[in-house]
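J.: The structure is given below, and queries will be raised subsequently.
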Amino acid sequence: MYEPPDATGQPSASTEVQYLVSESRRRIDQRIRAFIEAKESLLDQTETTRSLFDHIRNFIDDKGKRLRSALCYWAWRSVSKTEVETSALDLAASLEFFHSFAVVHDDIMDESDHRRGRPTLHRSLASLQDGIPAARRVSRGVNLAILAGDLYFSWFTSLFHSVPAPPRTRETLAKLVQQMCDETVAGQYLDLLWQAPESVDADRSLLVARMKTAGYTVSKPMQLGACLGGADPVLLNTFAEYGRLVGEAYQLRNDVDGLLGGPGRQSQVDDLRLGKPTVLAAVARAQIATSSTRFDSLFGNPGLDAGSAEELRELIRGTAAPAVVEGMIDTRLNLAARLLRNARMNPQAREAITYLTGHAFGSKAVQRSTATAAMS
């Protein structure tokens with residue numbers, strides 16, 4: 001029985017595709033839970049280690065869209081000649097462990113207290129440390145979260161290496177994973193290095209988005225799934241470019257919503273305090289002439305309070321920067337939609353990938369880009 005069509009205003013997709021996307025996510029979730037349960041059963045657990053596993057399981061269960069794993073699965077479906085999907089599900093599920101590893105360590109480095117309205121893992125784990133001073137609880141929570149992130153990465157490699165594939169396919173998969181790891185670390189390094197008002201630059205910010213977000217969010221998951229399914233080099237290159245465009249747009253959207261707020265999302269102070277090198281901040285700073293000194297005194301100020309944060313947002317809103325970035329998002333989504341429309345792939349998988357992208361961005365931008373690409 002198919003689920004009813006999405007009534008939230010998200011990009012249209014056939015009822016069948018909506019159902020199939022939902023089902024693929026459900027099966028990926030099942031594989032993740034089964035893997036964690038198997039790992040738990042191998043350990044002689046005390047009450048404390050069970051509590052740690054509970055936090056680790058709850059954290060990955062709360063990851064939301066499953067965008068990376070779903071894109072991997074549907075990229076596999078775009079070319080696969082078989083309906084036996086165990087390998088594809090394992091490959092897709094492994095990416096959620098990599099994502100959790102990256103998010104946990106990113107939250108620590110960004111000193112974030114919350115993610116999606118919930119405490120970050122290092123804050124949650126600090127609550128396990130009863131009977132010690134508050135400062136030590138915070139430090140212990142960070143240390144435990146680092147271990148949890150390492151464990152997520154270990155599970156990613158374990159599940160990834162368990163996926164059966166012919167030797168040449170295995171070699172290509174391994175190269176793609178190595179690139180994904182290298183790019184993610186390099187992007188995180190640059191993100192930390194350039195956290196200062198004088199370092200804010202649009203080209204630098206796009207490079208960070210390309211390396212830190214686009215690669216492991218869209219490009220590599222799609223290339224990995226397609227490679228497992230037997231895709232030719234042309235489609236792999238198409239998915240790489242599609243992922244770059246969509247990944248950059250995804251990061252630009254996240255930056256705008258994170259700094260200024262978006263539909264159903266409150267703006268965050270963390271990125272302003274850290275001086276995150278976003279394109280939005282770079283374009284705004286370049287356009288602020290007489291107020292640039294005030295901008296620099298607020299942006300990247302660790303003591304930024306709520307009132308000063310709102311003043312900084314108003315400085316940004318008073319420029320053309322939000323409109324410029326929205327235009328950059330639309331341009332990238334238009335080009336990505338055209339690439340996908342012209343790719344030689346399973347039409348149902350194309351529809352599913354478009355639908356998944358739509359849920360990552362919201363309806364309006366994707367509907368505009370799809371319509372524009374269809375007319376070109």
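J.: Test T293 against the criterion of being among the polar types (S, T, N, Q) and surrounded by 15 or more Cβ atoms within 10 Å (Cβ to Cβ), and give yes or no. Quick ask: steps written out before the conclusion?
T.: Working: among the polar types (S, T, N, Q): yes; surrounded by 15 or more Cβ atoms within 10 Å (Cβ to Cβ): no.
For T293, the condition - among the polar types (S, T, N, Q) and surrounded by 15 or more Cβ atoms within 10 Å (Cβ to Cβ) - is not met.
J.: A186: in a helix (DSSP H, G or I) and either of a type outside the set (V, I, T) or at pLDDT 95 or above (or both), yes or no? Even if it seems obvious, please write down each step before you answer.
T.: On the way: in a helix (DSSP H, G or I): yes; either of a type outside the set (V, I, T) or at pLDDT 95 or above (or both): yes.
Against the criterion (in a helix (DSSP H, G or I) and either of a type outside the set (V, I, T) or at pLDDT 95 or above (or both)), A186 qualifies.
J.: Residues R123, R170: which one is over 20 Å from E111 (Cα atoms) and of a type in the set (K, R)? Full working, then the answer.
T.: Details: R123 fails: over 20 Å from E111 (Cα atoms).
None of the others qualify; the one that does is R170.
J.: Out of everything in region 331-358 that is in contact (Cβ under 8 Å) with a residue 40 or more places away in the chain and charged (D, E, K, R), what residue ends up being farthest from T238 (Cα to Cα)?
T.: E351
J.: Which residue, of S205, S100, is touching a Pro at 6+ places or on another chain (Cβ under 6 Å), small (G, A, S), in a helix (DSSP H, G or I) and buried (at least 21 other Cβ atoms within 10 Å of the Cβ)? Working first, answer last.
T.: Details: S100 fails: touching a Pro at 6+ places or on another chain (Cβ under 6 Å).
So the residue among S205, S100 that is touching a Pro at 6+ places or on another chain (Cβ under 6 Å), small (G, A, S), in a helix (DSSP H, G or I) and buried (at least 21 other Cβ atoms within 10 Å of the Cβ) is S205.
J.: Sticking with this one: If you go through region 155-171 one residue at a time, how many are crowded, with 19+ Cβ neighbours inside 10 Å and either outside any loop (DSSP other than H, G, I, E, B) or of a type in the set (K, R) (or both)?
T.: Step one: list which residues in region 155-171 are crowded, with 19+ Cβ neighbours inside 10 Å, which gives 155-156, 159-160, 163.
Add one more test, that the residue is either outside any loop (DSSP other than H, G, I, E, B) or of a type in the set (K, R) (or both), and what stays is 155-156, 159-160.
The total comes to 4.
J.: Just wondering, is there one or more residues in region 312-322 that are among the acidic types (D, E) and surrounded by fewer than 13 Cβ atoms within 10 Å (Cβ to Cβ)?
T.: Just the residues of region 312-322 that are among the acidic types (D, E), to begin with: 314.
Of the ones still in play, those that are also surrounded by fewer than 13 Cβ atoms within 10 Å (Cβ to Cβ) are 314.
Within region 312-322 (the criterion being among the acidic types (D, E) and surrounded by fewer than 13 Cβ atoms within 10 Å (Cβ to Cβ)), the answer is yes, since at least one residue qualifies.
J.: Also, I was wondering about something else. Between a residue in region 151-178 that is within 19 Å of K212 (Cα to Cα) and any residue that is at pLDDT 95 or above and among the charged types (D, E, K, R), which pairs come within a Cβ distance under 6 Å, given they are 6 or more apart or on different chains?
T.: L176/K220
J.: Could you grab me the full set of residues in region 59-84 that are assigned to a helix (DSSP H, G or I), in contact (Cβ under 8 Å) with a residue 40 or more places away in the chain and more than 14 Å from I353 (Cβ to Cβ)? Please lay out each step first, then the result.
T.: Step one: list which residues in region 59-84 are assigned to a helix (DSSP H, G or I), which gives 59-61, 67-77.
Within this subset, residues satisfying the condition of being in contact (Cβ under 8 Å) with a residue 40 or more places away in the chain are 59-60, 67-77.
Those that are assigned to a helix (DSSP H, G or I), in contact (Cβ under 8 Å) with a residue 40 or more places away in the chain and more than 14 Å from I353 (Cβ to Cβ): F59, I60.
J.: Something else about it: Out of the residues in region 54-74 meeting the condition of being among the aliphatic types (A, V, I, L, M) and more than 16 Å from V177 (Cα to Cα), tell me which one is farthest from the chain's Cα centre (by Cα).
T.: So in region 54-74, the residues among the aliphatic types (A, V, I, L, M) come out as 56, 60, 67, 70-71.
Imposing the further condition that a residue be more than 16 Å from V177 (Cα to Cα) reduces the set to 56, 60, 67, 70.
Details: I56: 18, I60: 13, L67: 7, A70: 12 Å.
Residue satisfying both the conditions and the ranking: I56.
J.: Out of curiosity, is S87 more than 16 Å from the chain's Cα centre (by Cα) and outside any helix (DSSP H, G or I)?
T.: It is false that S87 is more than 16 Å from the chain's Cα centre (by Cα) and outside any helix (DSSP H, G or I).
The values are calculated or read from the model by the stated rules, or taken from the named source; none is laboratory data. Treat the numbers as computed from the prediction; the structure is a model and nothing was measured. Cβ coordinates were reconstructed from backbone atoms using ideal geometry, including for glycine residues, and neighbour counts include every protein chain displayed.
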